[in-house]
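Asks: Have a look at this one before I ask anything.
The values are calculated or read from the model by the stated rules, or taken from the named source; none is laboratory data. All values derive from a computational prediction rather than experimental measurement. Here the Cβ positions follow ideal geometry from the backbone for every residue, glycine too, while neighbour counts run over all protein chains shown.
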Amino acid sequence: MRALVTGGAGYIGSHVVRELSMGGHTAVVLDDLSNGHVELLGDVAFRQGDVRDAETVRAVLREHPVDVVIHLAALKSPFESIRDPGRYFDVNVNGTRVLIDEMLAAGVGAFVLSSSCAVYGVPERLPIDEDAPTHPTTPYGESKLLMERMLPWYEARGLRWAALRYFNAAGAAADGTIGESWDDAVNLVPVVLRATIGDGPPVRVFGTDYPTPDGTAVRDYIHVSDLADAHVLAAERVIRGGETITLNLGTGTGSSVAEVVAAVEAATGRRVPRVLEDRRPGDPPAVWADPTRAEMTLGWRATRGLREIIESAVAWHQGHLHGFRDARPPQR
């Protein structure tokens, strides 16, 4: 299998590229490096560019014929999207449109979309299955939902697709070669680790009065390597002609902010500095997945829990206290 991975130099994308390579597949990466790091890729064909640039996408597909496109290139901060919704609709929605038009023009019909549990907004019931109502509470979530809604309209032109709704990706590769940057991180795990073993500010805990067991928000944390494995399985399924499908990728278990903090303290032997603040607008109290459909259709399930997530993240960050200046290319 030959795959174009957009956003492949990013945190999740680099793990997808790694999983493809480990499975004997060939990856080509298109990334504008606004949030990516080419150091994560090793010996992989790479082109720096924006998916909104039709000529760049066209050139990559001409130079590197592929069987499937795995689309991860997108902006991802829910709270930044509230401040600048237009940018999110341009990059995420328009970028997806340009990419699909160009891949179909090049004769590539198989497509795997990086989507998000943010499409659900505040869930009406837990766990969340794929048939739950979609009510995004941020422009980021709305942009992901619009990306999904495009896909059926392209089926008449030959598009075969899988949309993967991520829950909260975290952790790092088991060998410590690739992981998540904490320099501009907004995700909880790298923020907590930077505050604990790095030089970051105290962790801001937004909300301690949620209707959850300890009052802090609950999320479904999925190891990034499990997430990457699901992408490869989804790509293989789409190439084989499997029906179009939308899947939740999560563990089926929620962990609170307080539990994540406690897990980091256990793994590092250090106290996590923190400050307690009011809830943020748009933050649901609790979100976790029903991943049954992914298991039934892909034969996939998450194999790592919160302890493995935190331990792998600690190992990565302890070896990269100065960010990607410390990175060494992954071994293939």
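Asks: If I filter the stretch 148-187 down to residues being acidic (D, E) and in a loop (DSSP other than H, G, I, E, B), which single residue comes out as surrounded by the most Cβ atoms within 10 Å (Cβ to Cβ)?
Replies: Looking only at the stretch 148-187, we keep the residues that are acidic (D, E), and these are 148, 155, 175, 180, 183-184.
Add one more test, that the residue is in a loop (DSSP other than H, G, I, E, B), and what stays is 175, 180, 183-184.
Numbers: D175: 12, E180: 24, D183: 14, D184: 9.
So, considering only residues that are acidic (D, E) and in a loop (DSSP other than H, G, I, E, B), the one surrounded by the most Cβ atoms within 10 Å (Cβ to Cβ) is E180.
Asks: Filter the stretch 260-281 down to the residues that are among the small types (G, A, S) and either surrounded by fewer than 18 Cβ atoms within 10 Å (Cβ to Cβ) or in contact with a His (Cβ under 7 Å, 6 or more places away or on another chain) (or both) and list them by number.
Replies: Across the stretch 260-281, the qualifying residues are A262, A266, G269.
For every residue, the table says whether it meets (1) of a type in the set (S, T, N, Q); (2) under 24 Å from P133 (Cβ atoms); (3) in contact (Cβ under 8 Å) with a residue 40 or more places away in the chain.
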position: L40; (1), (2), (3): no, no, yes
position: D50; (1), (2), (3): no, no, yes
position: K76; (1), (2), (3): no, yes, yes
position: R87; (1), (2), (3): no, no, no
position: N92; (1), (2), (3): yes, yes, yes
position: D101; (1), (2), (3): no, no, yes
position: G109; (1), (2), (3): no, no, yes
position: L113; (1), (2), (3): no, yes, yes
position: G121; (1), (2), (3): no, yes, yes
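Asks: If T137 satisfies every condition in (1) out of contact with any Pro (no Cβ under 7 Å at 6 or more places or on another chain); (2) part of a helix (DSSP H, G or I); (3) among the hydroxyl-bearing types (S, T, Y) but one, which is the exception?
Replies: (2)
Asks: For the stretch 298-319, state whether one or more residues are surrounded by fewer than 18 Cβ atoms within 10 Å (Cβ to Cβ), at pLDDT below 95, farther than 24 Å from G121 by Cα and touching a strand residue (DSSP E or B) at 6+ places or on another chain (Cβ under 9 Å).
Replies: Within the stretch 298-319 (the criterion being surrounded by fewer than 18 Cβ atoms within 10 Å (Cβ to Cβ), at pLDDT below 95, farther than 24 Å from G121 by Cα and touching a strand residue (DSSP E or B) at 6+ places or on another chain (Cβ under 9 Å)), the answer is no, since none of the residues qualifies.
Let's see how each residue does on (1) in contact with a strand residue (DSSP E or B) (Cβ under 9 Å, 6 or more places away or on another chain); (2) assigned to a helix (DSSP H, G or I):
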position	(1), (2)
D226	yes, yes
D229	no, yes
A234	yes, yes
V238	yes, yes
G242	yes, no
L247	yes, no
T253	yes, no
A258	yes, yes
E265	no, yes
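Asks: Within the stretch 90-130, work out how many residues are small (G, A, S) and over 21 Å from R62 (Cα atoms). Steps first, please.
Replies: First pass over the stretch 90-130, keeping only residues small (G, A, S): 95, 105-107, 109-110, 114-116, 118, 121.
With the extra rule that they be over 21 Å from R62 (Cα atoms), the set shrinks to 114-116, 118, 121.
Residues meeting the conditions: 5.
Asks: Could you give every pair whose Cβ atoms fall below 8 Å, whose first residue belongs to the stretch 142-162 and is under 17 Å from V68 (Cα atoms), and whose second residue is modelled with pLDDT under 95 and in a loop (DSSP other than H, G, I, E, B), counting only separations of at least 6 or pairs across chains?
Replies: Final answer for the pair search is R160/G241; R160/G242; A162/G242.
Asks: Which of the residues belonging to the stretch 26-67 are modelled with pLDDT under 95 and closer than 19 Å to N94 by Cβ?
Replies: S34, N35
Asks: Name every residue in the stretch 199-218 that is out of contact with any Ser or Thr (no Cβ under 9 Å at 6 or more places or on another chain) and crowded, with 18+ Cβ neighbours inside 10 Å, in order of residue number.
Replies: Correct list: empty.
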